[in-house]
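> The following block contains the structure, expressed as structure tokens.
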């Protein structure tokens, strides 16, 4: 890493920026924070390129750094949350434009959920509707995390099979935007 | 990894924000392995979004991100090289000044030295300077500008003590740099104003046209574009712009502080204008701590806590409400 050139640094950025941002996004559920943290990690890497001895691959180091920064951010948000009952994210980002299609899709989803085995559905709903962490679900239901992981996977598998025909009409979730 | 039997477990783990860095990498590899895999992943992502009532779309701007990062990379190298040059130049200038002094003292005649410093002071009224390369400087009363006689030839460096308004012709090979004592402003084609605060700890920069770069010897740097303002706090080496999204080293502690006082502090910190729509709100009190938060977040927390609302109009934040909680 000592002699990292700007060109190879740029390549590292181009190769991993998108994947790292979408990873950070799953952890934070907020675009600005996700982008912020990933950029921060890249800047850190550049600034410390003389000091850092990388034992693993640069890619693994980037993922690890993004993960740690996100956890710090979450910790910080929890403190902030004590002030405001609902996190700002709920307010700012929960703009739901429900078209007729979407309403119908949600009905389809509800029908598909009925098809899941009881425990499997319960776990999926706790994760998606109540926004509970796997650990929290495991504690409440007195199950192992491994079970939660597997049941979530099972739910996703069944739902995908059931909703397959309707999925193409769902608007693209990932949208890149460029301006300026 | 092509273990399709368990891939849903990995995907749901990732989408639920439960994946470790290693798992995230594993999934990324799987996705890129086959376009079918990518399609499957997108389908799963849609299901998760559908089942999430607060669904937020993943959005990012890679071009902008790279620009941000580049800004840091570029400045770092520039600052170092300039700072080193500057130090040698300063050393050289100092020794020449001493020689010049001795020379003047002995001979009492005009100097023919190659480098000498020009010192211009505006004592009683604003001084208008036209430097030999078409840059105009309006020097405020009580301010001082220093440059050497290679200005316009091998450098365009000026040292400013005080305040001045600059109208600078941009020259790629010979950047115009204002030295404010370990803080520098570099023009990128520009009309701008530099004001030293009465407390002399903060420097105000206002850009009317073009872009300037504000940087210090600690490698902090920020680009200020037209109609933006920025504040630099010398003692803490803080750079703050009025439309900055991120709080730079913001550390605010309020304990039963009146809202009017809170606003005064925020206005100074963020170089922003905040208005209370209702004068009754001046006496509302709040206790809160903010560290490294942006202005919008701070205002949201404050207004939420007090049962008020705020909105942004043009460049002003307006806090509204009948009374406090």
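The values are calculated or read from the model by the stated rules, or taken from the named source; none is laboratory data. Computed from a predicted structure; not experimentally measured. Quick reminder, even Gly has a Cβ in these numbers, built from the backbone with ideal geometry, and neighbours come from all protein chains shown.
> Just for the stretch B:11-24: of the residues that are surrounded by fewer than 21 Cβ atoms within 10 Å (Cβ to Cβ) and part of a helix (DSSP H, G or I), which one is farthest from the other protein chains (Cβ to nearest Cβ)? Reasoning before the result, please.
The first filter runs over the stretch B:11-24 and keeps only residues surrounded by fewer than 21 Cβ atoms within 10 Å (Cβ to Cβ), leaving B:17-18, B:20-23.
Okay, now just the ones that are also part of a helix (DSSP H, G or I), so B:21-23.
On the way: B:21: 4, B:22: 8, B:23: 10 Å.
Ranking the qualifying residues of the stretch B:11-24, first place goes to B:23.
> Determine if the stretch B:315-322 includes at least one residue that is in a loop (DSSP other than H, G, I, E, B) and without any contact (Cβ under 8 Å) to a residue 40 or more places away in the chain.
no
> For residue B:302, indicate whether it is modelled with pLDDT of 85 or more, under 26 Å from the mean Cα position of the chain (by Cα) and either within 12 Å of chain A (Cβ to nearest Cβ) or over 23 Å from residue B:228 (Cα atoms) (or both).
Judged against the criteria, residue B:302 is a match.
> Turning to a different aspect of this structure: Can you give me the number of residues within the stretch A:41-57 that are more than 7 Å from chain B (Cβ to nearest Cβ) and either in contact with a strand residue (DSSP E or B) (Cβ under 6 Å, 6 or more places away or on another chain) or modelled with pLDDT of 90 or more (or both)?
Residues that pass the stated criteria total 1.
> Hey, could you check the stretch B:38-53 for residues that are free of Cβ contacts under 8 Å to residues at least 12 places away in the same chain and in contact with a helix residue (DSSP H, G or I) (Cβ under 6 Å, 6 or more places away or on another chain) and say which is farthest from the other protein chains (Cβ to nearest Cβ)?
B:38
> Name the residues in the stretch A:101-131 that are in a loop (DSSP other than H, G, I, E, B) and modelled with pLDDT under 90, would you?
A:129, A:130, A:131
> Looking for whichever is closer than 17 Å to residue B:258 by Cβ and touching a residue at least 12 places away in the same chain (Cβ under 8 Å) here; the options are B:305, B:309. Which one fits? Give the derivation first.
On the way: B:309 fails: closer than 17 Å to residue B:258 by Cβ.
Going through B:305, B:309 in turn, just one is closer than 17 Å to residue B:258 by Cβ and touching a residue at least 12 places away in the same chain (Cβ under 8 Å): B:305.
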